[in-house]
Amino acid sequence: MKFKSYLCSAALFVALAVQAQTVRIANQGDALSMDPHSLNESLQLSVLGNVYEPLAGRNKDLSLAPALATSWKQTSPTVWRIELRRGVRFHDGKPFTADDVLFSLKRADDDGGDLKGAVSPIKEVRKVNDYTVDIETKAPFPILLDQLSTTYMMSKAWCEENQAVHPVDRRKGIENAASFRANGTGPYRLRERQPNVRTTFVRNGNYWGKIEGNAQEVIFTPIGNDATRVAALLSGEVDVMEPVPLQDIERVNASPNAKVIVGAEMRTIFLGMDQKRDELQYSSVKGKNPFKDRRVRLAFYQAIDIEGIKKTVMRGASHPTALLVGPGVNGYQPDMDKRYPYDPEASKKLLAEAGYPNGFEVTLNCPNDRYVNDARICQAVAANLARVGVKINLAAETKGTYFPKVLRRDTSFYMLGWTPTTYDAHNSLDALARCVDDKQGYGKFNLGAYCNPELDKLILAIQVETDKAKRNQMIREAFKIHHDDVGHIPLHQQSLAWGVSKKVNLVQLADNAMYFKWITIQK
């Protein structure tokens, strides 16, 4: 990617209406860094989306909304003219200009960060003037602004002053000033950061836009224990928490002071397998990789009782799926959302045909504080696979250590969840199923390195196709190839369950982002 430079009563009323209110939010996990380019993980992007902003963000209905860009248009099939918002200042008082856009998109493309895939379609960014930039893509890319909706803009000057010009690699546990401090343009400023303890945000009195809510201060606290998190909500120690354990939804709704807001989520939970190494790192099989054999992948798939998981683990709050995307995502194909049947006997037969009549042993890496009932799902999968002779060594750990491990592909078998930030099927296919090219940022989250060149051709074609009917047909073909290959093992889309004080009004989005500017609390 190349970057070039071209050339008094009303106030009193408002003060009374917006009183100093504190909102206390608890989550099962923490944002792992304050650096907006360090990790492409939805909780982190949600938290930091209150401090930093993209060129275009989202409305309450998830439609694209002007943010730091006021307008955009294509001046040619591969060039986007972006008009920037004037009068915006970073939290340190410095003005936001085109130089910060050029810097931020270049920084996001750095090998040390995790947003390289988001900016990979970009060929060149050019400064037209202080408030106009041209973004040229390598090929026509009609959803560019959607693609960049969680690529946040940083201050070039602040990063240079704080030795944070490059994002740091969370996979290697490296940190810099931007890991603990923040300087965005968003409606809230970072006041205090204590990783895994508490993060405090305060309202940005100089924010360029409208803040609908009345939260003056937001205290974000990770509470990993489900029972403790529920107790904190019911006692009034916190005002908002998520997720509510499925078994506690009725109890929370029956309480006098809190309720549960339930909604469908776009996130798909799936299992991935190392299909690249000649020998698995964490398996009893030596000298070869059983996951390179489609029969083994299908055997694992058909050994999993997804309806049993839905009933006993998810308590009905899941949508079993055969695809990498679910309802609400553009390109979702409901008629293709049909899983291979649960069939342990067929699974045993496939394993025997592949040369593993007695199964084998392999480690399954899972988080225990990221997705709804994530560790319990993995326990159920392990029990299912045990019935067909596969011994699973379950390695469940906090996401703080889990993500750095799996993101450097130090895994043989893993769980992951994915919400397409563009709300389009291309994003999931490109990030999860495209052949891996770390230098270009392709297949950034294809952690098992599944690869089918025919699918890659379709993913590229989908990226540039502007005819909706043709594009949809390509998406169908891509999903069929992936399904036939058993590239991954899709499990389900989980449901959102937020516990909220009855004094709080907020907006729940299907991507599970929580924006403080839409939170109002009555005291």
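Quick notes on this structure:
- Nearby lysines by direct alpha-carbon distance to Lys310 (threshold 20 angstrom, same-chain neighbours under 8 apart not counted): Lys338
- Carbon + sulfur, % of accessible area of the chain - ligands and nucleic acids excluded, 1.4 Å: 50 percent
- Straight-line reach from Lys503: taking Cα to Cα under 17 Å and skipping same-chain neighbours fewer than 8 places apart, the aspartates and glutamates in range are Glu212, Glu217, Glu237, Asp239, Glu242.
- Among the listed pairs Lys311/Lys457; Lys60/Lys470; Lys439/Lys480, those with a Cα-Cα distance over 32 Å are Lys311/Lys457.
- 3J(HN,Hα) couplings calculated from phi for the stretch 322-330 with the Karplus curve 6.51 cos²θ - 1.76 cosθ + 1.60 (θ = phi - 60°) are, in sequence order, 10, 10, 7, 9, x, x, x, 9, 4 Hz; Gly and Pro show x.
- With a 1.4 Å probe rolled over the protein heavy atoms of all chains, the accessible area of Trp498, Trp208, Trp518 falls in the order Trp208, Trp518, Trp498, largest first.
- Zone residues, the stretch 285-304, relative to Glu279, backbone N less than 18 Å from point 7 Å out along Cα-to-Cβ: 285-293
- The charge dipole of the chain, taken about its Cα centre with unit charges on the Cβ atoms of Lys, Arg (+1), Asp and Glu (-1) only, comes to about 300 debye.
- Which of Gly443, Ser76, Gln463, positive extreme of dipole for the chain (C-beta unit charges): Ser76
- Trypsin sites (Lys or Arg not before Pro) restricted to the stretch 197-273 and DSSP loop, no more than 10 other C-beta within 10 Å: Lys210
- Taking every protein chain into account, the accessible area of the chain amounts to 38 square angstrom per residue (probe 1.4 Å).
- Val507/Arg387 FRET efficiency (R0 41 Å; Cβ-Cβ; nearest 0.05): 0.40
- Label-point separation in nm, Arg315 to Lys292, each point 7 Å along Cα→Cβ: 4.5 nm
- The stretch 411-519 - charge dipole about Cα centre, Lys and Arg +1 at Cβ, Asp and Glu -1, debye rounded to 20: 580 debye
- Dipole of the stretch 238-332, positive end: most advanced residue of Val296, Ile261, His319 [Cβ charges, Cα centre]: Val296
- Size of electric dipole in the stretch 165-215: Cβ of Lys, Arg +1 and of Asp, Glu -1, about Cα centre, debye, nearest 20: 60 debye
- Pairwise centroid distance, computed over Cα atoms, of the stretch 246-290 with the stretch 309-358, Å: 13 Å
- Per-residue surface analysis assigns Glu454 an accessible area of about 110 Å², computed on protein heavy atoms at 1.4 Å probe radius.
- Antiparallel DSSP beta bridges within the chain, percent to nearest 5: 70 percent
The values are calculated or read from the model by the stated rules, or taken from the named source; none is laboratory data. Since this is a predicted model, take the numbers as computed values, not measurements. Heads up, the Cβs are rebuilt from the backbone with ideal geometry, glycines too, and the neighbour counts pull from every protein chain shown. Quick note on the areas: whole protein, heavy atoms, side chains included, nothing else; ligands and nucleic acids left out. Shrake-Rupley method; radii C 1.70, N 1.55, O 1.52, S 1.80 Å.
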